[in-house]
Ligand SMILES: Nc1nc2c(ncn2[C@@H]2O[C@H](COP(=O)(O)OP(=O)(O)O)[C@@H](O)[C@H]2O)c(=O)[nH]1
Ligand SMILES: [Mg+2]
């Protein structure tokens, strides 16, 4: 399957990110816990050194907890700070802010040694579309006193959220584009809903997901839909899902397009279980 998606505005955003990066001390790189590799953008490594970056594996509520732990071990092995969060329910947000506070402490120490006091640590969030940037910003804003005004002279026109006395979060996240050279990456992005559906054949996507789930954990589909028979092809399994869910067209033929939609929605909502699509073997190197 070929997935192509590279909107023109994405080239503009990298310029904006570069501008905003100049204003901040640390970056929260938001990745999808189900696909940490596919949801990353190699560009960010060139823009932000590891020491200035925290990786937050978002939507961890939808990912396999033990695989998420493997990813965190993988990042920590590379001396990159990482943690799992759920921006909707607020899980891990306090820990995330604590990590940033810790990272900021060394920066503040240096400032104080140079005789500068009370410098605020500034942070911004970056990530691909739909990874949860707005949800995280809203969550943090709710926890704290909410948005601050412009800071004259320093960051004109920028809105900051006061997280603590010493930490400000930039209200506007940096949008990165996902990478598309690898068809497997495109597939993972499409499955998790990171890229627009109209550009992908829905039934093909559903069939690919059935194949993938079959490899990840045999029985996921069967258990999820109460299928007791074995089918030769994934398309026949999709038809069976459709017939079980009552997706029938005139004449009794199964509406596989509707069945595809049901399957994708179920996966994305976690109704088939907490299922990660990538292991750390597919490394960033
Ligand atoms: N289950 C789950 N859904 C999330 C999480 N974070 C965000 N979402 C959902 O993912 C979708 C995209 O989130 P949004 O914040 O708009 O992403 P953005 O495009 O990066 O700003 C929304 O439907 C959110 O409710 C999370 O941690 N867990
Ligand atoms: Mg958003």
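The values are calculated or read from the model by the stated rules, or taken from the named source; none is laboratory data. All values reported here derive from a predicted model rather than from experimental measurement. Every residue, glycine as well, gets a Cβ built from its backbone with ideal geometry; the counts of neighbours run over all protein chains shown.
Values computed for the structure shown
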read-out	value
Selection count where residues are more than 19 Å from the chain's Cα centre (by Cα) and touching a residue at least 60 places away in the same chain (Cβ under 8 Å), scope the stretch 11-29	6
Residues of the stretch 79-90 classified as surrounded by fewer than 19 Cβ atoms within 10 Å (Cβ to Cβ) and touching a residue at least 40 places away in the same chain (Cβ under 8 Å), total	2
Selection count, the stretch 91-122, where residues are within 16 Å of ligand 1 (Cβ to nearest atom), crowded, with 18+ Cβ neighbours inside 10 Å and outside any loop (DSSP other than H, G, I, E, B)	3
Subset of the stretch 133-161 (residues that are at pLDDT 90 or above and away from ligand 2 (no atom under 13 Å from the Cβ))	140, 160, 161
So residue 130, is it at pLDDT 80 or above, in a helix (DSSP H, G or I) and either touching a helix residue (DSSP H, G or I) at 6+ places or on another chain (Cβ under 9 Å) or within 16 Å of ligand 2 (Cβ to nearest atom) (or both)	no
Test: residue 270 is assigned to a loop (DSSP other than H, G, I, E, B), away from ligand 2 (no atom under 16 Å from the Cβ) and farther than 27 Å from residue 135 by Cα	no
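Rundown of residues vs (1) under 27 Å from the mean Cα position of the chain (by Cα); (2) surrounded by fewer than 17 Cβ atoms within 10 Å (Cβ to Cβ); (3) not in a helix (DSSP H, G or I), yes/no style:
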| site | (1), (2), (3) |
| --- | --- |
| 208 | yes, no, no |
| 214 | yes, yes, no |
| 227 | no, yes, yes |
| 237 | no, no, no |
| 241 | no, no, no |
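Here's the yes/no breakdown for (1) free of Cβ contacts under 8 Å to residues at least 40 places away in the same chain; (2) over 22 Å from residue 18 (Cα atoms); (3) in contact with a strand residue (DSSP E or B) (Cβ under 8 Å, 6 or more places away or on another chain):
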{"position": "31", "(1), (2), (3)": "no, no, yes"}
{"position": "36", "(1), (2), (3)": "no, yes, yes"}
{"position": "40", "(1), (2), (3)": "no, no, yes"}
{"position": "50", "(1), (2), (3)": "yes, no, no"}
{"position": "56", "(1), (2), (3)": "no, no, yes"}
{"position": "63", "(1), (2), (3)": "no, yes, yes"}
{"position": "70", "(1), (2), (3)": "no, yes, no"}
